[in-house]
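These notes are about the structure you will find just below.
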Amino acid sequence: MAFDWIQKEWFSKNSKLVFFTGAGMSAESGIRTFRDNDGYWSQYDPMKLASPAGFENDPKLVLDWYQYRRNEIKKAKPNKGYDAIENIAKLFPQAQVITQNVDGFHKKADFIDVIELHGNIHKTHCNQCRKENLDGCELLHDDKPIFCDCGGLMRPSVVWFGESLRLSVMHQAESISRSADIFFSIGTSSLIYPAAQMPYEAKNNGAKIIEINPQSTPLTSMADASIQGLSGEILFKIYQELHANYN
């Protein structure tokens with residue numbers, strides 16, 4: 001049971017919960033990761049498909065690839081781990097999500113505050129003036145790249161190699177992490193910075209760290225509880241016991 005792993009005394013009705021999610025949660029929904037042995041970067045050159053230089057060199061190639069990824073995501077459905085996070089958030093008024101994923105699955109629960117560190121693959125903006133496309137989010141029209149009014153090319157609103165995370169988003173994520181009472185690190189390798197700094201921001205400010213991941217990570221030894229397994233199964237068990245205590 002869930003509280004064989006974690007202590008229910010850590011929780012109170014007023015606890016602020018932060019869920020920090022990574023590619024492992026997407027993988028459980030059938031979405032391929034990037035760095036695993038069978039991930040995208042084992043087959044494709046990331047500098048050609050996910051960098052400003054690659055986009056400048058061959059925008060059609062990049063946009064075709066992102067359209068393919070969008071289509072793959074549309075075929076997938078959020079696993080029960082997402083449902084569990086939504087249900088836990090209903091029990092605790094102060095629950096927020098910070099995600100490294102770009103699939104937009106967390107956004108489907110519009111009552112949860114979600115910080116998307118690396119953007120959202122379903123959104124677009126101008127590569128030149130950064131104006132967001134408010135009329136739609138198509139990447140291609142008649143199989144051709146779409147131009148902004150300023151003459152720049154529209155691109156997916158995700159962070160590419162060689163680009164920094166938006167400072168406003170980073171500052172918001174750091175602030176949320178520092179204010180957490182309970183910080184869940186779910187399905188993330190804890191290797192990619194600056195995102196991987198978030199649990200340490202939480203720990204340094206007194207939060208209990210609960211890691212849920214199939215394998216050990218650099219965070220494991222620092223976590224107050226490290227649970228190896230699938231996030232969907234584990235989060236569902238945690239929700240069941242929290243529901244029994246705080247409903």
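Roughly how tilted is helix 167-178, in degrees to the nearest 10 and between 0 and 90, from the longest Cα axis of the chain?
Compared with the principal axis, the helix lies near 10 degrees.
Classify the stretch 64-114 as rounded, prolate or oblate from the Cα gyration tensor: take a ≥ b ≥ c as the square roots of its eigenvalues, call it rounded if a/c is under 1.5, otherwise prolate when a/b beats b/c and oblate if not. Please report the intermediate quantities before stating the final value.
On the way: a/c = 3.51, a/b = 2.25, b/c = 1.56.
In terms of gyration-tensor shape, prolate.
Calculate the radius of gyration of the Cα atoms of the stretch 75-182 to one decimal place, then report Dmax, the largest Cα-Cα distance, as a whole number, both in Å.
Final numbers for Rg and Dmax: 16.2, 50 Å.
Could you work out the relative contact order of the stretch 76-154? I mean the mean sequence separation of Cα pairs under 8 Å and 6+ apart, divided by the number of residues, in percent. Can you show the working numbers first?
Working: 89 pairs, mean separation 16.2, N = 79.
The normalised contact order for the stretch 76-154 reaches 20 percent.
Mind checking which aspartates and glutamates have their C-alpha under 14 Å from Lys77, skipping anything on the same chain fewer than 8 residues away?
Result set, ordered by chain and number: Glu28, Asp103.
Could you state the angle between the C-alpha long axis of helix 80-91 and the longest principal axis of the C-alpha atoms of the chain, as a value from 0 to 90 degrees rounded to the nearest 10?
Relative to the chain, helix 80-91 is tipped by roughly 60 degrees.
Between Ser216, Ser231, Ser189, find the one with the highest GNM mean-square fluctuation for the chain; connect C-alpha pairs within less than 10 Å.
Top of the fluctuation ranking is Ser216.
Given Cα pairs under 8 Å that are at least 6 residues apart, what percent is the relative contact order of the chain? Spell out each step's value before the answer.
On the way: 427 pairs, mean separation 63.3, N = 247.
That works out to 26 percent.
Quote the relative contact order of the stretch 36-180 in percent (integer), defining contacts as alpha-carbon pairs under 8 Å separated by 6+ residues.
On the way: 167 pairs, mean separation 32.6, N = 145.
Taking the mean separation of contacting Cα pairs over the length of the stretch 36-180, I get 22 percent.
With the alpha-carbon atoms as the only input, what is the per residue convex hull volume for the stretch 169-247 in Å³? Write out the running numbers ahead of the final one.
Details: hull volume 8.0 nm³, N = 79.
Convex hull volume per residue, Cα atoms: 102 Å³.
Ratio of alpha-carbon Rg to the 2.2 N^0.38 Å globular estimate for the chain, to two decimals, please. Before the final figure, lay out the partial values.
Numbers: Rg = 18.8 Å, N = 247, 2.2 N^0.38 = 17.9 Å.
This ratio for the chain stands at 1.05.
Each reported figure results from applying straightforward, stated rules to the coordinates on display, with no laboratory input. This structure is a prediction, so every number in the text was calculated from the model and none was measured.
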